[in-house]
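Enquirer: Let me begin by handing over the structure; questions about it come next.
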Amino acid sequence: MAGTKIEISGPKSLFSNEFLSNSTSLLNSRKRRTVEVRKPVAATAAFTAVQMVAKLIELDSVKVIPERPVQFTVSGQVTVEYDAMEQMKELMFNWWDSSKTTIDAHKGVFLQLVSSDIDPRTGKAKVSKEAILDWSRDLHINADKFVTHEVQFLVDGNFGVPGAILVTNKNSKEFYLKCITLEGFLHFDCQSWVQPEKLHPEKRIFFTDKAYLPHETPMGLRELREKELRELRGNGEGVRVLSDRIYDYDVYNDLGNPDKGLEFARPVLGGQRRPYPRRCRTGRPSTKSDPKSESSVNETTPMYVPRDEAFVDEKKRSVDAGSWKGMMNNLFPFFKHSTESDSVNSFADINNLYKESRNHSNFPVESTADAFKFDPPNIVSRDASCCLRDDEFGRFTLAGMNPISIERLKVFPPVSKLDPSIYGPTQSALREEHLISHLDGMTVQKAIERKKLFTLDYHDAFLPFLNSINAHPDRKAYATRTIFFLTQMGTLKPIAIELSLPSTNPFKPSKQVITPPVDATTCWQWQLAKAHVCSNDSGAHELIQHWLRTHACMEPFIIAARRHLSAMHPILKLLHPHMRYTMDINARARELLISAGGIIESLFSTKECSMEITSFAYKNWRFDMESLPADLIRRGVAELDPTEPHGIKLLIEDYPYANDGLLIWSAIERLVKDYVNYYYPDSNSIRSDPELNTWYYESINVGHADHRHESWWPNLSTPNDLVSILTTLIWISSAKHAALNFGQYHYGGYVPVRPSYMRRLIPNEDDPEYQNFISDPERYFLSSLPRLREMAFLMSMLEILSTHSEDEEYLGDRKELSTWRGAPEIIEAFYRFSMEMKAIEKEIEKRNSDTKLRNRCGAGVSPYQLMVPSSEPGVSCRGVPNSISI
C-alpha cells in the first residue's frame, strides 16, 4: 500500500563541543526523524475474524520506523573570483538559468565534504552527499570582484570534522575558486582554477588550511593526500594543454627554431656537454629539421604553464600595459623620421629620447613632445661629458644593477682557468707598473695583503665566445678584467682595465691594458674601455646573475615542491608565496627574451651565444654558495667573524647591497628557524618525512641533474640543515632577485653610461680607424654605442622588467595566517618578521642619509633603496617582492 512520509525536524548544532570530540556538529543544522503513517483499507472476505481484528488494530495505529542516523545541514560560503568581463557574463547567465524551476542535474558545481575520519565499515573516508552550488542564492559581490555563494551540505551525525572538499565543475568553463568557509570558521584556502569535468573528469581535492606533516595526516585524508600529488606529477607523456596542472621536467630544447632556418637553431641545454637546470615540461612535438628540438609556440600549442602558476588578470594587465607603453615609447620617436638614419650623431640625440623634466604634482602635465618619451633615470647623474665617471663606475659595483660580481683580488697577475691549448696563455697582461701609481704608496703585494684590491673579472666568461660575437658586423666585444683600489674613504677607484681578444696572430698582442688618462687621447680610450667593461657587465648581469642564478636555478625547486609536497605540508605553505608567478615569467622568458632572435640576442653583445654563456657559467654554480654570507665569503669581500652581528665582517665596510642584504637575510633566517623548529624538533622528524626528503632529493637529482653527483650539496639531516636550505631559497626568490631586477631601468636606462653592447673596438695606432678616432673621439665613441632604435628597445625592456605590478606581494606581507590559527608561536613569528621588515626600511633610510657612507650618500648620489621591502606600483627602484614575479 502507498505510504505518506512526515518529516519532523529539530535544530541541532554541528560545531558543538560534542562534534569536535568526534560525535559531530555544524551550526544551524537540523536533526531529522522519519515517521510513516499508513491509511486504513477495506477488509476482504478471506480474512478470519482474528485476522480482521489484528489488521484493524494495525491500520488504526501509527507505526514508527526505526530511527535513521542523525543528519545535519552544514552551511558554507564559496568565494569565487571573477576578474574578467567574460567570466562575469558567464556568472550572470548561470544566475539566470538557476532561477528556472527545472534544475539541470548535468550542470553546475557539485561539492562534497570529506571527513577526517574513516568509516569503520568500509575503511574509506566518510563523504557527504553532493551539494550543488546555487548561483542565484545569497550572491554578494565585494569591491575585489569576489563573488560569494551560499551552499548547504547534508552529513550524518557521526561524520566527524570535515578535512577536505571534493569539487566537480559540470559547467562549460573554468572558474577560479578562491576559498570555502564552513559555518564561518572552518576555512579552505583553495586559490585554484577548477576545470570543466569534460576536460578533467577527476574531482578536485581541496584540504582545510590546517598544516599536517605526512605522519600527522588524519586517516580520512591520507588517500586523498597521495592521490592529489599523483595527479600533479602526471605520467610524463603527451602535450600539455593550458588547463593542465601537471608538473614535470625537461631540458631547454625549446629556445631555437631550426625549421625557420639554420641561423635560428640553438643547442639543447641540459646534459653532460651543456649542463643546465631543468625547466617545466610542455610536451610540444619536435621540429621537423631536428628531432631533439621542441617546436615553437603557436596558436595550436601555446606556451604551457601549469594553470595555477599563470598570471592572474591583474598581473597580465600590468605586464601588457607596460609592453604597450614601451612599444609606443620605442616606435613613436621614429615614425616621422622613418626614412632617416637612426645613428647617434651627438649626445643630444640620446638625451632627446627622455622627457625634459617631471611634474611631481598630483596631476602631471606633459607636453605633446614629451608624451611618448622616457622618464629620465633617477640614479645616473649625467654631467656635461655624458660618460661614466670613475666614482660612479666604482660605486655601481657595490650599489648598482649588478652588485654581486665584484671580488677581492687574491692573485696577481690574475690567472685564467681556461684550457691554454685552446685559448692561449693563462696569464694576464696586467703588471705592477700598471697599478703602482694608484696604490697610495703600497706595492701590489702589500695592497693584496691589506685587502685593498678588487676586481671585475669577465675574462673566462666571455673569451670562449668572442670569435662568434665579433663575427657580427655590429657587435664588438672584449673579455675584460678591471682592477679597483679601495680608497681611504671606502669607495672603489678603477685603476686598470685589461682587454683580451682570442689569440689568432702570434705577432700581434691579444691583450692590452688601459689605465686612467693622462691626456686627451687616453681620456677617450679610458672612456671606451669602461664602456666595454659595462657591456660585459650588462651581459653577465642579465644572463648569469639574473636569469641563471635566480630564475632558472629556482624553477627545479618549485617543480619538485609541487610534485612532492602536499598542499597540507607546512613547508609548502611556507614556500608558497615565494613561488608565485615564477614559472609563468620563466616560460615567457623562454618564448620572448632568451629564445633565438629574441630580445636578449637582439639587444646584448652575446647574440646567439647568450644561452651557451649561461651553460658555461652553470658549470661553476653551487647551491651551497648561494646564501648571502657564503657568497660574500666566496668572493672574498667578507670574512667569518663571530663577533659581528651577522657572523661575518665586510672588507668593504660601505657595501650597500651587502649591508642591507644581511639585515634581510638574518630576518629570513630567524623566521625560518622558528618555523622549522616548531614542526621538526629533532633530526628524526626530518628523516621520517618522506615528502620533504623526496622533494629535496628530486630537486637535486632531476631538477639539477647535471650536478647531482657533486659533493657540495648541503645535507638534509637536521632541522638546522633545513633552515639553511629554506633560508637560501627564500633569499634568492625575494631580496637577491629584487636587487638584480628592479634597478634595471634607473641604473641601466642611460645607454652611454651602461651600453648593453658595443659596435667598435678601441683602435690601436696601426688600425685604419685610428685617425678617425683621433680627429673626432666623441663621434667615434657615439658610433660605438647601439643605434637610437636599439637604445629605445633596450630602455623599453628595462622599464617593463623594473615595474612592480598592482598585485605585488612584498616581503613581510603574508596575508593568510588562518593556517596557523592553532599555532600562536607561528603567527607570532610572522608578526615579528613583518615588524622587522618595517624596522629594516627605517634603518636603510637612516643609512641613506649618512654622509660618511659615500657609496649611498653625497652630492648627486642617489640613495640605495633596492633592499627597501615595500614599494608603490610602477618603476620605483625599491621594493622586495616575495617571489621572482617579473
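Enquirer: Filter segment 380-439 down to the residues that are of a type in the set (Gly, Ala, Ser) and in a loop (DSSP other than H, G, I, E, B) and list them by number.
Expert: Within segment 380-439, 381, 384, 385, 400, 405, 416, 424, 428, 429 qualify.
Enquirer: All but one of (1) open to solvent by 20 Å² or more (accessible area, probe 1.4 Å); (2) assigned to a helix (DSSP H, G or I); (3) in contact with a Cys (Cβ under 8 Å, 6 or more places away or on another chain); (4) not small (Gly, Ala, Ser) hold for residue 525; state the number of the condition that does not hold.
Expert: (3)
Enquirer: Looking at residue 303, is it surrounded by fewer than 16 Cβ atoms within 10 Å (Cβ to Cβ) and in contact (Cβ under 8 Å) with a residue 40 or more places away in the chain? Can you show your working first?
Expert: Details: surrounded by fewer than 16 Cβ atoms within 10 Å (Cβ to Cβ): no; in contact (Cβ under 8 Å) with a residue 40 or more places away in the chain: yes.
Spelling it out, it is not the case that residue 303 is surrounded by fewer than 16 Cβ atoms within 10 Å (Cβ to Cβ) and in contact (Cβ under 8 Å) with a residue 40 or more places away in the chain.
Enquirer: Still on this structure, I have one more. Check residue 513 against each of (1) assigned to a loop (DSSP other than H, G, I, E, B); (2) surrounded by 16 or more Cβ atoms within 10 Å (Cβ to Cβ) and name the one condition it does not meet.
Expert: (1)
Enquirer: Then there is this: Scan (1) under 24 Å from residue 549 (Cα atoms); (2) in contact with a Leu (Cβ under 9 Å, 6 or more places away or on another chain); (3) open to solvent by 20 Å² or more (accessible area, probe 1.4 Å) for the single condition residue 865 breaks and write down its number.
Expert: (2)
Enquirer: Considering only residues that are in a strand (DSSP E or B) and aliphatic (A, V, I, L, M), which ones fall in segment 440-482?
Expert: Within segment 440-482, the subset in a strand (DSSP E or B) is 453-457, 479-482.
Within segment 440-482, 453, 456, 479 meet the criteria.
Enquirer: Hey, another quick one. Quickly run through segment 162-205 and pick out the residues that are under 30 Å from the mean Cα position of the chain (by Cα), within 23 Å of residue 120 (Cα to Cα), of a type outside the set (Val, Ile, Thr) and surrounded by 21 or more Cβ atoms within 10 Å (Cβ to Cβ).
Expert: Within segment 162-205, 164 is the sole residue that qualifies.
Enquirer: Go through segment 617-629 residue by residue and tally those that are in a helix (DSSP H, G or I) and closer than 20 Å to residue 703 by Cβ.
Expert: Step one: list which residues in segment 617-629 are in a helix (DSSP H, G or I), which gives 617-618, 623-625, 628-629.
Retained after the next criterion (residues that are closer than 20 Å to residue 703 by Cβ): 617-618, 623-625.
Qualifying residue count for the region: 5.
Enquirer: Another question about this same structure. Could you give every pair whose Cβ atoms fall below 6 Å, whose first residue belongs to segment 561-578 and is part of a loop (DSSP other than H, G, I, E, B), and whose second residue is of a type in the set (Ser, Thr, Tyr) and open to solvent by 20 Å² or more (accessible area, probe 1.4 Å), counting only separations of at least 6 or pairs across chains?
Expert: These pairs meet every condition: 568/212.
Enquirer: Of the residues 690, 656, only one is within 30 Å of residue 230 (Cβ to Cβ) and modelled with pLDDT of 95 or more; which? First the steps, then the outcome.
Expert: Values: 656 fails: within 30 Å of residue 230 (Cβ to Cβ).
Going through 690, 656 in turn, the sole match is 690.
Enquirer: Right, here's the next one. Taking residue 185 as the residue in question, decide whether it is out of contact with any strand residue (DSSP E or B) (no Cβ under 8 Å at 6 or more places or on another chain), modelled with pLDDT under 95 and among the aromatic types (Phe, Trp, Tyr). Write out each step before concluding.
Expert: On the way: out of contact with any strand residue (DSSP E or B) (no Cβ under 8 Å at 6 or more places or on another chain): yes; modelled with pLDDT under 95: yes; among the aromatic types (Phe, Trp, Tyr): yes.
Yes, satisfied.
Enquirer: Just give me the residues in segment 494-519 being farther than 20 Å from residue 766 by Cβ and out of contact with any Ser or Thr (no Cβ under 9 Å at 6 or more places or on another chain), in sequence order.
Expert: Passing the criteria: 517, 518.
Enquirer: Identify, by number, the condition in (1) in contact with a strand residue (DSSP E or B) (Cβ under 8 Å, 6 or more places away or on another chain); (2) open to solvent by 10 Å² or more (accessible area, probe 1.4 Å); (3) of a type in the set (A, V, I, L, M) that residue 418 doesn't meet.
Expert: Here residue 418 clears every test but (1).
Enquirer: Within segment 743-775, take every residue that is among the polar types (S, T, N, Q) and in a loop (DSSP other than H, G, I, E, B) and give me the one that is nearest to residue 480 (Cα to Cα).
Expert: The first filter runs over segment 743-775 and keeps only residues among the polar types (S, T, N, Q), leaving 744, 756, 764, 771-772, 775.
Next, from what is left, pick out any that are in a loop (DSSP other than H, G, I, E, B): 756, 764.
Values: 756: 14, 764: 17 Å.
Step by step, filter segment 743-775, then rank; the result is 756.
Enquirer: Also, quick follow-up: Tell me whether segment 440-454 contains one or more residues that are surrounded by 17 or more Cβ atoms within 10 Å (Cβ to Cβ), among the charged types (D, E, K, R) and touching a Ser or Thr at 6+ places or on another chain (Cβ under 7 Å).
Expert: no
Enquirer: Continuing with the same structure: From the list 664, 633, which one is in a helix (DSSP H, G or I), open to solvent by less than 30 Å² (accessible area, probe 1.4 Å) and of a type in the set (Val, Ile, Thr)?
Expert: So the residue among 664, 633 that is in a helix (DSSP H, G or I), open to solvent by less than 30 Å² (accessible area, probe 1.4 Å) and of a type in the set (Val, Ile, Thr) is 664.
The values are calculated or read from the model by the stated rules, or taken from the named source; none is laboratory data. Treat the numbers as computed from the prediction; the structure is a model and nothing was measured. Cβ atoms come from the backbone with ideal geometry, glycine included; neighbour counts cover every protein chain shown. Surface areas here come from the heavy atoms of the whole protein model, side chains and all, with no ligands, DNA or RNA. Shrake-Rupley method; radii C 1.70, N 1.55, O 1.52, S 1.80 Å.
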